[in-house]
Each structure stands twice: as structure tokens, then as C-alpha cells.
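Read through the structure below, which is laid out as C-alpha cells, and then see the notes.
The values are calculated or read from the model by the stated rules, or taken from the named source; none is laboratory data. On a predicted model such as this, the values are computed, not experimentally measured, just so you know. Please note: Cβ atoms are built from the backbone with ideal geometry, for glycine as well, and neighbour counts cover all protein chains shown.
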Amino acid sequence: MKVSIKEAATYLKYSDQYVRRLVAEGRLGAEKIGSNWALSWKEVLEFSLEQIPTYAVDHSRQYKMTNGRLKCLSFFSGAMGMDIGLEAVGIETLLACEVDKASRKTIQANKPDIALIGDISDYTSDQILEAAKVSASDVDLMVGGPPCQAFSSAGKRQGFKDERGNVFLTFIDRILEIRPKYAVIENVRGLLSAPLNYVPHKNRTDDYGSDPDHVRGSALMHIVNRLRGAGYGVSFNLYNAANFGAPQKRERVVIICSRGGQELPYLTPTHSEHGEYGLPKWRNLRSAIDGLGNIAHDHVNFPDKRLKYYKLLSGGQNWKNLPEDLQKEALGKSYYAGGGKTGFLRRISWDKPAPTLVTHPAMPATDLCHPDELRPLSIQEYKRIQEFPDEWEILGSKIDQYKQIGNAVPVSLGAAIGRLVHDAEAGQLTEPPAEFAFSRYRNTDFQTWEKIVIETTKAISQAPLQTRLPVA
């Protein structure tokens, strides 16, 4: 039986261009019939069984470390999504740091031999190193995603005034005291625009905007300047995890710091939305959860009144696909509020990556409904979308479990970070494809972002007081 390039690409989840390249390289046999190529269906099947995609993490591997690997200290570890990704590419996590009780139970259940400490503010650098049983010179990497609510545009954006923002600064202190070769800081997109000194609109006076600390992005600029002042090279971007193999459109800022002063290149993507650059297309929801089969799913439920609307929606639809009278009925006062309201009544599509997983899939404005069934995504499906191994135990109540998984770094993104660190250590760094769209937003790479923040700060400082306008 013969199949076309397009048919083979659909089955293999590659772009047509990439399959043509496989044919040209002799990795897939094909014969020319007229102006088209015909491939052996048997050979395509055999090829698919032989391949281990670059994004794949072997979920059957044992999470036991051996000597000789790069050594990492993990902070704000949560359910350890970042650490699973790092370990998958050979980086050993020696210590986890976490205050959440349910997350600590999860860490202890899966990594019973790891050093586990609590609030980072309660430990000096010497105490952290003692717990990890290493000296500072042995630490290759420190990673952490400080609590992001202090910088989220959906919250009050208290930044470093917020207790959670303060642990961000404590994390920076520990990095500068221990001085690992590399440090990684992961956070929400809102960090790019958070001011160092946020003043709520209702409290702003006529002179608001006269202080450079009011500039959008000045909080992150403060962090970058501290790291650079200590000799670290700093680079960052906003990354969509789907570009690294996660079956989820999740965008996070990843800051990479190098003690040698080098600004490391951006992460190397393994996937692209439509197969650009010869990469496999984004993974979809079906590829992640379809293989779960008829297991017993653990999940919360939607209120009964909401099921009425979900019965009228199919995969990939939301409230906008309801008749107008039902839109108004379903959303109530929210119907007349501003914004796109894209989180209401979402049925996820089988054929696209999942939206960003939230910490509760049944909240009114952040629904995440199964493509076919009348229920939210289950905990088991959450784990697959975030790429946790099926055998990885998530402990606590259902809400605790959703929260831990929803807050995690997708495993594939963690692996991409690990590969960059390995490449830097080996002196084998490569640049990603030029003009690659790492996220849906513009001006999120550190060079463009920094230029904008510096120019805005300069303009604020030089402008006469009466012409200054709010900048955040």
C-alpha cells in the first residue's frame, strides 16, 4: 500500500516539508510517480515505531541519579515538573525547597531520598548547602519559579511589596551567595511589565509617573541589574511551551543566567505551530490524553446549571458559540464587562494543544471542559498535558492536586532548559532559527525589552513634571 507525502506527514505528526527532507536523506523510502512521491505504508509505520522525538521524555525511566551529572538545587519546586525535565536530560536535583504542605508530600512520595527544606527565607546559603550535602563549588545550577501572583496582571501586582515578591528577592540573594555556574528563573508574562513601585489607579496623584520605579518592567530591570552587577550574563524570553513539545499553549518567562558573563542564546525549539523550519507540528490534546483509555478519572464537577450550556457546545467552542440569549443568560453581568472573556465555557479541542492549565478547571471564568464529556479535565489528564509520568504521585485533595499540576513547569520546557545548560557547559551552543516566534507577543526578548525599558526610563527622567504621564 502506498501513501502520499501529506498522508505520511499527518500520521507521523510532521510537516510535509520535514517528510520530504526524510525522503531526500534516504531515511524514508519513496518512489516518484509522475510529479508526486509515493511512500510505503509499511515503511512509514516502521519509521514511526523507531523514532524517539526530541521532545519525548521517557516516562518509564527510574528517577535515580548517578555520579557525574550536573548538580542542581531546586526552589519553589511544587510538584517538580521542571526537575523531571532536567533529570530527563541528565541533571541531578540534590535539593528541593517548598512550603506548600501538599507539594511537600508529593516530593517526599516520589523522591524520598532528596533533601527537602521549607521556606527559603528561613535558610542561609550555608544551611541550604549543608542540607544538600555539597559545597558551593559543586553547584552547577539553581532553578526556581518564585510565586507569580505578585506580578500577575490579573492580580493587584504588588510586586516586591508583596510577601511573595519578597521571596523572589530572597531567591536572587541565595543565587548571588552560592554563585552556581547557571541559574534559571521562571515566571509569568506579567513580570515583563511589572513596575518596581506599583500604585493602584485609585491612589495615583498628579505626579504619578515622575519616578522611574513606576516604569513598566522596572521590577525585572532591578533583578537583571543585580545579577549583572554580580558578573552574571542574563538573557530571557517569553516561551510558549508548545514550541518545545508540550501539548499545551502555556507562555512563561524563562531567565537564564551564566556566571561566566555570557548572554546565552534562546532555547532551541523542537516544534512549531504549522511545521515551520522543518520541525514537527505542535502536539495536540489527543496525542496527550487519548491513550488513557477507560480509566477511572478523578475530577471536580461543574455546577448542574452550567451543564445546560455545555450540552450545546462541541470541542473547540466556548460561550460565543451559543445563541445570544443564552450567552447573556450564561454569563450574567460578565456578558457586559470588557475583555474577550475567552475563559468562559471552554470545551477544549482534540486537534489543538490545550490552553494554559489553570489551578481549578471548573471556575466560571477559567473553565476547562473535556472535548466530548460533560466534565472538567481530570487530574490524570492534567498530568498528561503537563507531561508528568503516569506513575508520578500527586498527593493532597483534588483541589491540591489540580493546583500543583496547574502551577508546574511542563516537563518538555524543563528539558529544553536542561539541554541549553548542557550545551553551554560543553561549549557547544547553537542559535535557534532566526525570527522564530517563541510566543504570540512582541518585544519579549531581553534585548528588545531592555531597550524599551531604558528608553522609557530615560524619557521619564528627562521630561518636565507637568508632561509626565502614568506609565504602568
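Quick notes
- Verdict on LEU196 being closer than 27 Å to GLU251 by Cβ, at pLDDT below 95, surrounded by 20 or more Cβ atoms within 10 Å (Cβ to Cβ) and of a type in the set (A, V, I, L, M): yes
Yes or no, residue by residue, for (1) of a type in the set (S, T, N, Q); (2) assigned by TED's automatic domain parsing to the domain that holds ASP290:
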site	(1), (2)
VAL358	no, yes
ASP367	no, yes
ARG375	no, yes
ILE385	no, yes
PHE388	no, yes
SER397	yes, yes
ALA424	no, no
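- Taken across segment 373-383, residues that are under 25 Å from ILE91 (Cα atoms), among the aliphatic types (A, V, I, L, M) and either touching a helix residue (DSSP H, G or I) at 6+ places or on another chain (Cβ under 8 Å) or not in a loop (DSSP other than H, G, I, E, B) (or both) do not occur at all.
- Yes/no for ALA415 being surrounded by 19 or more Cβ atoms within 10 Å (Cβ to Cβ) and either acidic (Asp, Glu) or assigned to a loop (DSSP other than H, G, I, E, B) (or both): no
- Of the candidates PRO212, PRO280, PRO265, the single residue that is in contact with a His (Cβ under 8 Å, 6 or more places away or on another chain) and surrounded by fewer than 22 Cβ atoms within 10 Å (Cβ to Cβ) is PRO280.
- Failed item, numbered, when VAL409 is tested on (1) surrounded by fewer than 20 Cβ atoms within 10 Å (Cβ to Cβ); (2) touching a residue at least 60 places away in the same chain (Cβ under 8 Å): (1)
- Selection from segment 390-405 of residues that are surrounded by 18 or more Cβ atoms within 10 Å (Cβ to Cβ) and in contact with a helix residue (DSSP H, G or I) (Cβ under 7 Å, 6 or more places away or on another chain): TRP392, ILE394, LEU395, GLY396, ASP400, GLN401, TYR402, GLN404, ILE405
- Pairs with Cβ under 8 Å, 6+ apart, first in segment 220-237 and under 16 Å from VAL253 (Cβ atoms), second of a type in the set (Ser, Thr, Tyr) and not in a strand (DSSP E or B): MET221/THR457; SER235/TYR266; ASN237/TYR266; ASN237/SER439; ASN237/THR444
- Given (1) in contact with a helix residue (DSSP H, G or I) (Cβ under 8 Å, 6 or more places away or on another chain); (2) assigned by TED's automatic domain parsing to the domain that holds TRP449; (3) at negative phi; (4) crowded, with 20+ Cβ neighbours inside 10 Å, index of the condition TYR309 fails: (2)
- Among the conditions (1) modelled with pLDDT of 90 or more; (2) within 22 Å of SER121 (Cβ to Cβ), GLY165 misses just one, which is (1).
Conditions (1) over 30 Å from PHE244 (Cβ atoms); (2) outside any helix (DSSP H, G or I); (3) in contact (Cβ under 8 Å) with a residue 40 or more places away in the chain, marked per residue:
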| site | (1), (2), (3) |
| --- | --- |
| LYS333 | yes, no, no |
| GLY343 | no, yes, no |
| LEU357 | no, yes, yes |
| MET363 | no, yes, no |
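- Of all the residues in segment 199-236, those that are under 15 Å from GLU450 (Cα atoms), assigned to a helix (DSSP H, G or I) and modelled with pLDDT of 90 or more number 11.
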